[in-house]
Structure formats: C-alpha cells, structure tokens
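Below you'll find the structure, written out as structure tokens, and then a few comments.
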Amino acid sequence: MSTDVEKLWELQSVLSQLGDREKQMSQKPESFAAVDREYQAADQEMSRLTQSIDQIAKERRRVDGELADQQELLKKYQGNLMQVKNQQQYAAAWKEIDATRKHVKELEESVLKSMGESDGLQAQLDARKAGHDELKERHDAAYAQWQSSLGDLRKEADELRKKAEGIEAQIPPRLRDEFHKIFRQRGGIAVTRVVNESCTGCRTRVRPALYQQLNRGELARCEGCHRILYLEKAAS
Ligand SMILES: [Zn+2]
C-alpha cells in the first residue's frame, strides 16, 4: 500500500508523460507544415487579388459616372455654341468645350488603364484558382496522414489519462486539489524529491523536524518553494 505522497509522485510522473504526448500531437510535422504554409499563402494571395479587383471595379464605377456627366456637359456646351452672339462668347464656349474634352479624354484613359490592371489581376487569380484544387488535395492528404500517424500517440495518451484518473481516485480530494494547484503554478512540478536532506526543486535545506515528519511518512511542504516533499524510502 503506497502512501499519499507516493501516489502524488506517481500521478505527477503520469501527467508529465501525458503532457509530452499532448505536446507531440500538437506539433505539425514538417511534411504537413510545408504544404500548410503553401496553402495558407495561396489563400491569402487569392483574397488579396479579389480585394484589389473589387477595389478597381468600385473605382471604375465612379469614373464611369463622372464620364457620363462630362459627356452630358460636353453636349450642352456644344449646344451653347450655336447660340453665341459675339466673338467673345464664342471664344468662351470653345474654352469650355476644350477643357471638357480634355477631361473626358483623361477619364477614358483612366478607364482603359484600370481595365488593363483588372485583367492582369484577374488572370493571376484565375491561375491561382486553377491550381487550388490540386493544392487543397495535397493539403488535406498531408493532414489526414499526420492525423493517422497520431494513432499510437492518441492511444498512449488515452491510457495515461485513464491511469491518472485511477491514481487520482485514490487521493483525498483536498490533497488532490492542492497538488493540481501547485502543478499548474510551478511548471508541472508539485512534488519534489528530498536528496541529501534538501529539496531538489529549490535546494532549500529541509529542517530536521520536517525531515523526521517525512521519515514518519507524514506530508510536508518545502519551506522554500512550498511544493510537496517526497522522501524515497531506502529499499529494505
Ligand atoms: Zn523546495
């Protein structure tokens, strides 16, 4: 029959092994990480391209509106030209027509330019999309392979979890809670061994009175780090 502290010591060892397995399971293997990076980058690039195309289309709608207004204005000025009464009015009307024509030309050039840009971006997006299915397939296959390779680790982790539960069931609840609190707060070490009458967790010397307590199999906490002290019984 083991003492409470021996059970805690074993629990800590099981939990530490479980932590190792969980850490291993959460680490992406390079075989998946590489294709995952590629996949995420392609995804980002596609949304960047889509955004740029939308932005250009929005600007295009604005320019189209302005162009229609200016063309309307141009018609009006050309109409005015028919009604001029003198040379001065004639010159003024022509000045307006010239300025408006220039503006219309600029807007038309800007439309052409944005169409060219948009076509270029659309071609890039189409190329990305064409390769996307194949990339997604590679990505999903690598993920599935990684997950299936975790089978053994999962099994081990499940067994360790069951083992930990079994040990915990034998420990008084208050002590168990104290253990978990220290375990969380002190880097996964709640129970430390006493070697040469010192705590191996923080090297604080264990006072003789405390040492005798430990020798009698009583629970004692380190006065330095407040962890639960564990004195291994010499083999008899
Ligand atoms: Zn200590």
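The values are calculated or read from the model by the stated rules, or taken from the named source; none is laboratory data. Here the structure is a predicted model, which means the values were calculated and not measured. Heads up, the Cβs are rebuilt from the backbone with ideal geometry, glycines too, and the neighbour counts pull from every protein chain shown.
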Among the residues of region 1-31, the number that are more than 22 Å from residue 229 (Cβ to Cβ), part of a helix (DSSP H, G or I) and touching an Asp or Glu at 6+ places or on another chain (Cβ under 7 Å) is 1
| task | Could you tell me whether region 151-168 includes any residue that is buried (at least 17 other Cβ atoms within 10 Å of the Cβ) and assigned to a loop (DSSP other than H, G, I, E, B)? | result | no
In the set 228, 171, the lone residue that is surrounded by 12 or more Cβ atoms within 10 Å (Cβ to Cβ) and within 16 Å of the ligand (Cβ to nearest atom) is 228
Checked 54, 36 against criteria (surrounded by 13 or more Cβ atoms within 10 Å (Cβ to Cβ), modelled with pLDDT of 95 or more, assigned by TED's automatic domain parsing to the domain that holds residue 104 and acidic (Asp, Glu)); the one match is 36
Among 186, 203, 207, 221, the single one that is among the basic types (Lys, Arg), within 13 Å of the ligand (Cβ to nearest atom) and touching a Cys at 6+ places or on another chain (Cβ under 8 Å) is 186
Hey, does region 92-104 have a residue that's under 30 Å from residue 27 (Cβ atoms), part of a helix (DSSP H, G or I), modelled with pLDDT under 95 and not polar (S, T, N, Q)?
no
Filtering region 173-195 down to residues that are basic (Lys, Arg) and touching a strand residue (DSSP E or B) at 6+ places or on another chain (Cβ under 6 Å) yields 193
Within region 201-218, residues surrounded by fewer than 16 Cβ atoms within 10 Å (Cβ to Cβ) and closer than 29 Å to residue 22 by Cβ come out as 202
Quick count over region 1-54, residues being farther than 30 Å from residue 115 by Cβ and polar (S, T, N, Q), is 11
Just a yes or no: is a residue in region 120-131 more than 30 Å from residue 29 (Cβ to Cβ) and small (Gly, Ala, Ser)?
-> yes
Restricted to region 189-200 and to residues being under 22 Å from residue 19 (Cα atoms) and in contact (Cβ under 8 Å) with a residue 12 or more places away in the chain, the residue nearest to the ligand (Cβ to nearest atom) is 192
